[in-house]
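Asks: Okay, handing you the structure first.
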Amino acid sequence: MKIKLEVSAHHIHLTRQDIDILFGENYELRKRNKLSQADDFASQETVSIKTDKGELKLRIIGPERSYSQIELSVTDAINLGIEPVLKLSGDIASAPTVNVFGSNGTIQAPAIIAKRHLHISKEQATDLGIEDGKAYKIKIEGERGLTFDNVIARVGEGFNLACHIDTDEANAADINKNGGEGELILL
Ligand SMILES: [Zn+2]
């Protein structure tokens, strides 16, 4: 079946405590636009991350999380001289940390390369026989067509069927930043 592909640009998630440090006590992130999954939104606020090799501006994706996490592409990590560690979002224990600068202060946050994944609701997952945490394949058509293996299913509240890939993956398959579609292969 055809499913929607959405492209995640580099971004950061922040805890309440880290927002306090970066922007000031009780600072509220201002919503720029809503994203497709649950109550996720792109905020108007950005932060900078800096390493010895470079600097990058990152948009904050709200709402507040229980952990702070930077998500980069492999290209970003190479440009910044950060070891690119491929992880499922939230698996930050062994990720390298990076200095993050806000308008009011500085924190250190772990940086990962997020594994490509499939957001899906419980109902959709039951209908399609998809299991949380399992890997699926998505085939992309076109001049630079390819098949993405190891797309990890993430079943969750407020999720709606869509595959998230990063900008490197999108570029490799000639998918623009507004996304595209692919064929979900259920094995
Ligand atoms: Zn996602």
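Asks: Calculate one ³J(HN,Hα) per residue across the stretch 158-165 by plugging θ = phi - 60° into the Karplus curve 6.51 cos²θ - 1.76 cosθ + 1.60, and present them in order as whole Hz with x for glycine and proline.
Replies: Values per residue, Gly and Pro as x: x, 7, 9, 3, 6, 9, 9, 10 Hz.
Asks: Here's a follow-up. Apply the Karplus parameterisation 6.51 cos²θ - 1.76 cosθ + 1.60, with θ equal to phi minus 60°, to every residue of the stretch 64-75 and state each ³J(HN,Hα) to the nearest whole Hz, in sequence, with x for glycine and proline.
Replies: Running phi through 6.51 cos²θ - 1.76 cosθ + 1.60 with θ = phi - 60° gives 4, 10, 7, 8, 8, 7, 9, 10, 10, 8, 4, 4 Hz.
Asks: Next question. Please compute the contact order of the stretch 64-187 in relative form: average sequence separation of alpha-carbon pairs under 8 Å and at least six residues apart, divided by the residue count, as a percent.
Replies: Once divided by the residue count of the stretch 64-187, the mean separation gives 24 percent.
Asks: Relative contact order for the stretch 123-165: what percent, with Cα pairs under 8 Å and sequence separation of 6 or more?
Replies: After rounding, I find 36 percent.
Asks: Please compute the Kirkwood hydrodynamic radius over the stretch 77-144, one decimal place, Å, based on all pairs of different Cα atoms.
Replies: Details: mean 1/r = 0.0655 Å⁻¹.
15.3 Å is the Kirkwood radius here.
Asks: For the pairs 2/139; 4/139; 87/139, flag any whose C-alpha to C-alpha distance is greater than 18 Å. Numbers along the way, then the final one.
Replies: On the way: 2/139 9 Å; 4/139 12 Å; 87/139 22 Å.
Beyond 18 Å: 87/139.
Asks: Ignoring everything except DSSP H segments at least 4 long, calculate the 222 nm mean residue ellipticity for the chain; use -39,500 (n - 2.57) per segment, divide by total residues, nearest 500. Each step should come with its number before you reach the end.
Replies: Values: 4 runs with 28 residues, N = 187.
My calculation for the chain gives -3500 deg cm²/dmol from helical runs alone.
Quick note: the coordinates plus some simple rules give every number you see, no bench work behind them. What you see is a predicted model; the values in this text were computed from it and never measured.
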